[in-house]
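The values are calculated or read from the model by the stated rules, or taken from the named source; none is laboratory data. Note that the structure is predicted; figures quoted are calculated from it, not measured. Positions of Cβ are generated from backbone atoms using ideal geometry, with glycine treated the same way; all protein chains shown enter the neighbour counts.
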Amino acid sequence: MLTESPRFRSPEQYLPGEVLISHEQIQERLEEMSEEIAKKYKGDKLLVLGVLKGAFRITADLAGMLHDKGLTDLELSFITIRSYPTGTQAVSEPRIIQDMDLNPLDRHVLIVDDVSDTDRTLQVVDQLTRSRGASSVETLTLLDKPARREVDFNPTYTGFTIPNIWVQGYGMDTDELGRAEKNVIVGPYDYH
């Protein structure tokens, strides 16, 4: 049974620091997505590629759940991308700060990111992974903000579709602060 998605209010009704999605809701949704992914990749050696820094928590939690569901030979790699140098303005071309350390050649790759907003980051990492000869590439994001989409790209798996508000917590930050918060909370910026 799919976790009931939280009901969201309009963006202007939220206050900074307010819990948008609880840690428990995140874990329930990850369990559901990991079940689907584990069934799909059973018998295949999956490469999980986390996009740092924001996706460090979701990548770790998801990898553990996939392992518990039988994908004991999955491998992890990370790539560090900078899309938001400061504040809420995404750059038009995300910058690779640190490249992945495992070769995706002839591998099934699951790219894990924290939030799908402009989707420039996911598009760049997807294209890079495919250009290096991955057998297949799928993407997973915890959060989706379709109102901010700038490119024609949509993640394969999405945890929650949220309104166009700045968020932090569960690995996501505001100017490098707030990553350790276990919930997804409303950040201090107003950009709607």
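Which residues, counting only those in segment 34-43, are in contact (Cβ under 8 Å) with a residue 40 or more places away in the chain and over 22 Å from Gln127 (Cβ atoms)?
Let us first name the residues in segment 34-43 that are in contact (Cβ under 8 Å) with a residue 40 or more places away in the chain, namely 36-37, 41.
The one that is in contact (Cβ under 8 Å) with a residue 40 or more places away in the chain and over 22 Å from Gln127 (Cβ atoms): Glu36.
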ask   = What number of residues in segment 108-127 are closer than 14 Å to Val48 by Cβ and touching a Lys or Arg at 6+ places or on another chain (Cβ under 7 Å)?
value = 0
remark   = Exactly one of Leu142, Leu76, Leu49, Leu110 is touching a residue at least 60 places away in the same chain (Cβ under 8 Å), closer than 30 Å to Leu177 by Cβ and in contact with a Gly (Cβ under 8 Å, 6 or more places away or on another chain), and that one is Leu142
message = Being closer than 26 Å to Gln98 by Cα, exposed (fewer than 14 other Cβ atoms within 10 Å of the Cβ) and within 18 Å of the chain's Cα centre (by Cα) narrows it down to one residue among Gly54, Gly64, Gly50; which is it?
response = Gly64
request  = Could you give me the residue pairs with C-beta distances under 8 Å whose first residue belongs to segment 174-185 and is touching a residue at least 60 places away in the same chain (Cβ under 8 Å) and farther than 13 Å from Asp114 by Cβ, whose second residue is part of a loop (DSSP other than H, G, I, E, B) and hydroxyl-bearing (Ser, Thr, Tyr) wherever it lies, and which are 6+ apart or on separate chains?
outcome  = Asp175/Thr86; Lys182/Tyr170; Asn183/Ser22; Asn183/Tyr170
query = Of the residues that sit in segment 1-26 and are part of a helix (DSSP H, G or I) and in contact (Cβ under 8 Å) with a residue 12 or more places away in the chain, which one is farthest from Ser136 (Cα to Cα)?
reply = Glu12
ask   = Identify, please: which residue in segment 169-184 is at pLDDT 95 or above and not in a loop (DSSP other than H, G, I, E, B) and is, among those, surrounded by the fewest Cβ atoms within 10 Å (Cβ to Cβ)?
value = Gly169
request  = Report the residue count in segment 119-168 for those that are buried (at least 19 other Cβ atoms within 10 Å of the Cβ) and among the basic types (Lys, Arg).
outcome  = 2
